[in-house]
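See structure below.
Each reported figure results from applying straightforward, stated rules to the coordinates on display, with no laboratory input. Computed from a predicted model, the values in this text were never measured in an experiment. No Cβ is skipped: glycine too gets one built from the backbone with ideal geometry, and neighbour counts run over all protein chains shown.
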């Protein structure tokens with residue numbers, strides 16, 4: 001399954017914030033999606049095991065977790081989270097995308113996943129058993145790391161800047177402060 005088909009544009013400062021913590025944000029997001037898919041696959045199996053045992057038409061089950069998940073996903077009575085929510089008129093949650101789109105990203109930017117992000121079908125489908133949108137999940141995971149990096153960077157360097165006698169003024173915006181931090185000779189990525 002291809003998600004984020006046009007990539008995900010970050011302002012340079014957002015990219016710098018995530019790189020404060022993670023050297024390769026794209027690889028980290030892929031790892032997060034794949035780890036989450038395994039958790040969701042295992043939850044799907046646990047949820048469906050009693051139903052499968054109770055179904056007289058099921059005479060044997062695969063011993064491999066991926067094969068068992070594929071069997072569940074192929075059943076006619078299986079529904080994704082979005083399908084279950086639609087049946088009870090629950091709207092699709094777009095909070096992460098809405099928050100992302102609320103920020104105007106112009107000037108210096110970085111595009112992650114310029115050609116999109118391919119998620120294995122089984123991983124995508126296991127995840128979609130419990131979340132409405134894989135893109136919504138990916139955006140939330142990535143922007144969460146951006147915010148975490150920003151908070152850690154500011155928490156570490158704000159006191160250093162305040163104690164620096166050579167600094168007479170500070171920027172009045174987070175982006176300005178981050179730019180100032182990154183320009184410091186004592187800036188060290190990570191921690």
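A few points about this structure:
- Förster radius 45 Å - calculated FRET efficiency between residue 52 and residue 180 (Cβ-Cβ, nearest 0.05): 0.15
- Angle between the chain longest axis and helix 134-163 axis [Cα atoms, degrees, rounded to 10]: 30
- Region 65-177 - convex hull of the alpha-carbon atoms, volume per residue in Å³: 158
- To the nearest ten degrees, helix 25-54 and the longest principal axis of the Cα atoms of the chain are 20 degrees apart.
- Among 31, 124, 138, residue whose mean-square fluctuation peaks in a GNM of the chain (springs only between Cα atoms under 10 Å): 31
- Using a simple spin-label model with pseudo-atoms 7 Å out from Cα toward Cβ, residue 28 and residue 63 lie 4.0 nm apart.
- GNM flexibility winner over the chain from 132, 79, 145 (Cα, springs under 10 Å): 79
- Degrees, to the nearest 10: 65-74 long Cα axis against longest axis of the chain: 70
- Least to most buried among 110, 9 (fewest other Cβ within 10 Å first): 9, 110
- Candidates 143, 153, 162, ranked by Gaussian network fluctuation over the chain, Cα under 10 Å, top entry: 162
- Considered as an equivalent ellipsoid built on the Cα gyration tensor, region 1-67 has semi-axes of 40, 12, 9 Å, the largest given first.
- The length gained on full extension between residue 89 and residue 161, counted as 0.36 nm times the residue separation minus their Cα-Cα distance, comes to 20.8 nm.
- When only Cα pairs below 8 angstrom with a gap of at least 6 residues are kept, region 8-183 shows a relative contact order of 41 percent.
- Gain upon complete extension [residue 102, residue 148; 0.36 nm per residue less C-alpha separation]: 14.7 nm
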